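Beneath this line is the structure, given in structure tokens, with notes to follow.
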Amino acid sequence: MRAIDRIDTGPRFTEQDAIRLNRMFRGSDTDEWLAAVLEGNLVGDIAIVSSFGAESAALLHLVSQIDASVPVLFLETGKHFPETLAYRDLLTDRLGLNLVNVYPDLEDLQSRDESGLRWSYDPDGCCELRKVRPLEKALSGFDASLTGRKAFQSSTRANLPRFEIDTSDAQGRFKINPLIDWNADRIAAYFEEHDLPRHPLVDRGFTSIGCSPCTRPVAPGEDPRAGRWAGWDKVECGIHKPGEEPFL
């Protein structure tokens, strides 16, 4: 399978490239098309962006079985649950991951969040400092990133395609969603089949796990991401933009 031709000037990839890949792999099983993408170098240099959250082990295991050298970018915000950091270390060791911890800029934190409490009055600004800016810098050398987003998680993710162009990157980087069509039952079955450990907070009602100040357990019947930024008009940290038009 031929890799997409690289362009010397202008964007790396365009919406037409995303459309072509979505059509190329329509109907293909996840492990099949993901292996073709990684082994065939179809999207250039690629990294996984992982929160090591409730369902992260599924994608991390899938990729590690194909190419464990793929960098796994973890945003070390300084606000994670201790359980998340322990889970990160457990999965990294068990799956042989190429973990890359990504940190906020210290000067930014000192000038804009010296108290460490920006999350309490400006969650968007806190995410910008601790997630969005550091990730933009970390991804600048990559052509594509893999995410763990799934359609069932929220209405803002319901219509996302497998391949899309990252709207935060003017140079046309791919954003790829391998588990977008997986439901909760399939994920649970995958965990059981491969004996993957669960995040310690799952048993305490956390279905989506972010930074500790802005995450609460989810009640039965609630949206799986209802525990993120509860009480705020906010559904994403800024890494992913809600309501983006999908490329079919």
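The values are calculated or read from the model by the stated rules, or taken from the named source; none is laboratory data. Computed from a predicted model, the values in this text were never measured in an experiment. Neighbour counts are summed over all protein chains in view; Cβ atoms, including those assigned to glycine, are modelled from backbone coordinates with ideal geometry. Side chains included, ligands, DNA and RNA excluded: accessible areas come from the protein's heavy atoms. Shrake-Rupley method; radii C 1.70, N 1.55, O 1.52, S 1.80 Å.
Filter the stretch 118-128 for residues that are open to solvent by 30 Å² or more (accessible area, probe 1.4 Å) and touching a Gly at 6+ places or on another chain (Cβ under 9 Å); which is nearest to Val43 (Cα to Cα)? Spell out how you get there, then give the answer.
Pass one, the stretch 118-128, residues open to solvent by 30 Å² or more (accessible area, probe 1.4 Å): 118-122, 124, 128.
Restricting the remaining residues to those that are touching a Gly at 6+ places or on another chain (Cβ under 9 Å) gives 118-119, 124, 128.
Values: Arg118: 37, Trp119: 35, Asp124: 31, Glu128: 27 Å.
In this case the residue turns out to be Glu128.
Pairs needed: first member in the stretch 201-212, closer than 20 Å to Glu76 by Cα; second member anywhere, surrounded by fewer than 16 Cβ atoms within 10 Å (Cβ to Cβ); C-beta distance under 6 Å; at least 6 residues apart or different chains.
Phe206/Pro217
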